[in-house]
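Only one structure is covered here, and it is reproduced in the block below.
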Amino acid sequence: MSRTRIHVTVNGEALDTEVPAKRLLSDFIRDDLNLTGTKRGCETGICGACSVLVDGEVRKSCLSLAVQADGHEITTVEGLAQHNELHPLQESFMVHGGLQCGYCTPGFLMAAVEILRHTPKPTEEEVRKGLNGNLCRCTGYQGIVDAILDAAEKIDGH
Amino acid sequence: MRDFEILRPTSLREAIELLSKHGDDACAYAGGTALLLAMRQRLLSPSHVVSLERVPEIRGIGYHSSEGLSIGALSRHADIARSPDVIANYPVLAKMAGGLANPQVRNQGTIGGNLCYADPATDPPGCLVALDAKVELASASGLRTIPLEAFLVDYFETAIQPGEILVRLIIPPLPRESRAFYARHLRTAAEHRPVANISFVVRAATATGIETRLVIGAATPTPQRMSRVEEFLGSRPMSPETALAGADMAAEDLRPISDSRGDGDFRRSIVHALVRRTIVEATFVDGRAA
């Protein structure tokens, strides 16, 4: 089995390491780096619980190989809070009931980061469209949508 | 997944050499969203995976007034959706690319991968066939360009030869007054794959009717061009009756897939509705034929 050297930046930290060719990005993040915030939900690219940012753009890590991350920047849910302060999205999710069991939440947070990056003041429809790669079995989505709309206001400086 | 070796060529020539060398044991790897699923399900078990990520010759999107639009095979759906050249000159393409699948897949999947995988249940092929797209393929013997319609042979089958790589798409310029429409049908909001889609390009008004391209995708193994409907729409003035007759014709001519996602008759009825509604949307403004 071949191993490939990769250089990746994960949540701001540069890493040089070796991975087997067939190591999935999701497994690399969880098992090699011990960042277990990113979840394995369906392992077929449908549920979005494995979503992470690659160079700031949301992707499903179960549909990527770890070697594909070579030379790129990965941000996981653990990278959202800065200096012991929760990201405004994380706070809003708590306040608005954007989570119950919490399993899908990291994936939704990463998708939400992408929505707000492209559209700082999204409409509800734009939020829902941006979440269309993520599934939640608990909340019925309204709390998630409310949380993101609320966070958008906070981030935008209202 | 079975074990494999990953190869990371840094030029088109090197990539072609590697694919030729390993033949049937190799797969090209672009975004990987479809490839990885197929490998995990053991539908594909290459011993060598040739990553195209570092091949510069298959990147880039640009518009030239003579050739038209050139889209590198490694262009992601998100790149196509946001490209100023695409938005300005082929807004229907930007709209289709910006709505397919889901945000994560749009950031990762490539148009080259989509076309080479030739999964029927996707959005791009029908839209691109309606825009008269051609594909440029590179091999050790050089370049060849064929119409996309000829490239897509059957479901999960293309005209690509061993050792060949899809380099770019070329979409010819549209007539200035043309308008294009794209619509698709999903069974539920949670679905990402269409059961049917329609691409309708109104290229020009003629003495007798309108010159159009009408292509149905996703409901068929490869995009199906509705030539009889196009001829019909070119031969008489538009009216609600013409739109309905066109839809009847499309439903008759459709050669649909029948599978667990939708049987043939279901797809036929969806296509009928899509065709009728799209023709009306395209040709009626404020209740009057435009």
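The values are calculated or read from the model by the stated rules, or taken from the named source; none is laboratory data. Computed from a predicted structure; not experimentally measured. Methodologically, a virtual Cβ is constructed for each residue, glycine included, from the backbone with ideal geometry; neighbour enumeration extends over all protein chains shown. Only protein heavy atoms, including side chains, enter the accessible area calculation; ligands, DNA and RNA are left aside. Shrake-Rupley method; radii C 1.70, N 1.55, O 1.52, S 1.80 Å.
Using a probe of 1.4 Å, the accessible surface attributed to B:SER66 totals some 100 Å² when neighbouring protein chains are kept in position. Span-like helix criteria (full DSSP H runs; alpha carbon extent of at least 24 Å along the helix axis; mean Kyte-Doolittle hydropathy of at least -0.5) are satisfied in chain B by B:264-283.
Only Lys, Arg, Asp and Glu carry charge here, each on its Cβ (+1 for the first two, -1 for the last two); on that basis chain B has a dipole of about 560 debye about its Cα centre. Counting Cβ atoms of other protein chains within 10 Å of each Cβ in B:189-199 and taking the mean gives 1.
Contact residues in region A:27-54 by the 50 Å² criterion (accessible area, 1.4 Å probe, full protein complex versus chain alone) are lacking entirely. Counting heavy atoms of the protein chains alone, B:GLU17 has an accessible area of about 100 Å² for a 1.4 Å probe. Dividing the summed helix terms, -39500 (n - 2.57) for each DSSP H run of n ≥ 4, by the number of residues in chain B produces a 222 nm estimate of -10000 deg cm²/dmol to the nearest 500. Between the alpha-carbon centers of region A:77-97 and region B:1-78, tell me the distance in whole angstrom. The two parts, judged by their Cα centres, are 37 Å apart.
If contacts are Cα pairs under 8 angstrom and at least 6 residues apart, what is the relative contact order of region B:139-290 in percent?
Details: 227 pairs, mean separation 27.2, N = 152.
Reported as a whole number, the value is 18 percent.
The B and A chains share an interface that buries close to 2600 Å² of accessible area, total over both sides, probe 1.4 Å. Bridging of A:LYS39 to lysines at a Cα separation below 21 Å is possible for A:LYS22, A:LYS60, once same-chain residues fewer than 8 apart are set aside.
With a 1.4 Å probe and all protein chains kept in place, how do A:LYS129, A:LYS39, A:LYS121 rank by accessible area, largest first?
Numbers: A:LYS129 95, A:LYS39 45, A:LYS121 135 Å².
If we order A:LYS129, A:LYS39, A:LYS121 from most to least accessible, we get A:LYS121, A:LYS129, A:LYS39.
By the scheme Lys and Arg +1, Asp and Glu -1, what is the net charge of all other residues having a beta-carbon under 13 Å from that of B:ALA243? Walk me through the intermediate numbers first.
Working: positive: B:ARG236, B:ARG276, B:ARG277; negative: B:GLU241, B:ASP248, B:GLU281.
After counting each charged neighbour, the total is 0.
In terms of solvent-accessible area of protein heavy atoms at a 1.4 angstrom probe, what is the ranking of B:LEU128, A:LEU86, B:LEU43, highest value first? Intermediate results must be reported in sequence, preceding the final value.
Numbers: B:LEU128 0, A:LEU86 75, B:LEU43 125 Å².
Greatest to least solvent exposure: B:LEU43, A:LEU86, B:LEU128.
Only residues of region B:46-84 count here: report those whose backbone N is under 12 Å from the spot 7 Å along Cα→Cβ of B:ASP25, or say none. Within reach of a label on B:ASP25: B:46-49.
Using R0 = 35 Å, the C-beta based FRET efficiency linking B:SER227 and B:SER45 works out to 0.30. For a straight C-alpha distance cut-off of 23 angstrom, the lysines reachable from A:LYS154 (same-chain residues fewer than eight places away being disregarded) are A:LYS121, A:LYS129.
Using a Förster distance of 51 angstrom, determine the FRET efficiency expected from the C-beta separation of B:ARG179 and A:GLU78, and round it to 0.05. Once rounded, the FRET efficiency stands at 0.60. Dipole check for the protein assembly as shown: with +1 at the C-beta of Lys and Arg, -1 at the C-beta of Asp and Glu, and the Cα centre as origin, the magnitude is about 580 Debye. Here chain A is assigned +1 on the Cβ of each Lys and Arg and -1 on the Cβ of each Asp and Glu. Its dipole about the Cα centre then comes out at about 560 debye.
Expressed as a whole percent, the accessible surface of the protein assembly as shown that belongs to carbon and sulfur atoms is 49, based on a 1.4 Å probe.
Over all other residues within a Cβ to Cβ distance under 10 Å of A:GLY107, the charged ones net out to +2, with Lys and Arg as +1 and Asp and Glu as -1.
At an R0 of 56 angstrom, the distance between the Cβ atoms of A:TYR103 and B:SER65 translates into a FRET efficiency of 0.60.
Using only alpha carbon pairs under 8 Å that are at least six residues apart, calculate the relative contact order of chain A and give it in whole percent.
Working: 295 pairs, mean separation 36.5, N = 158.
Value for chain A: 23 percent.
Counting Lys and Arg as +1 and Asp and Glu as -1 over every other residue whose Cβ lies under 12 Å from the Cβ of B:ARG76, the net charge comes to 0. For region B:199-227 and region A:115-158, what is the separation of their C-alpha centers, rounded to whole Å? Each part reduced to its Cα centre gives a spacing of 37 Å.
Translational diffusion of the protein assembly as shown was estimated from the Stokes-Einstein equation, with Rh taken as the Kirkwood radius over Cα pairs; at 25 °C and 0.890 mPa s the coefficient is 106 µm²/s.
Compute the accessible area per residue over region A:53-156, keeping the other protein chains in place, probe 1.4 Å, unit Å².
Numbers: 4660 Å² over 104 residues.
Result: 45 Å² of accessible area for each residue.
Taking all protein chains together, B:LYS95, B:LYS21 sort by accessible area into B:LYS21, B:LYS95, largest first [probe 1.4 Å]. Surface calculation, 1.4 Å probe, protein heavy atoms: B:MET96 sits at approximately 10 Å² accessible.
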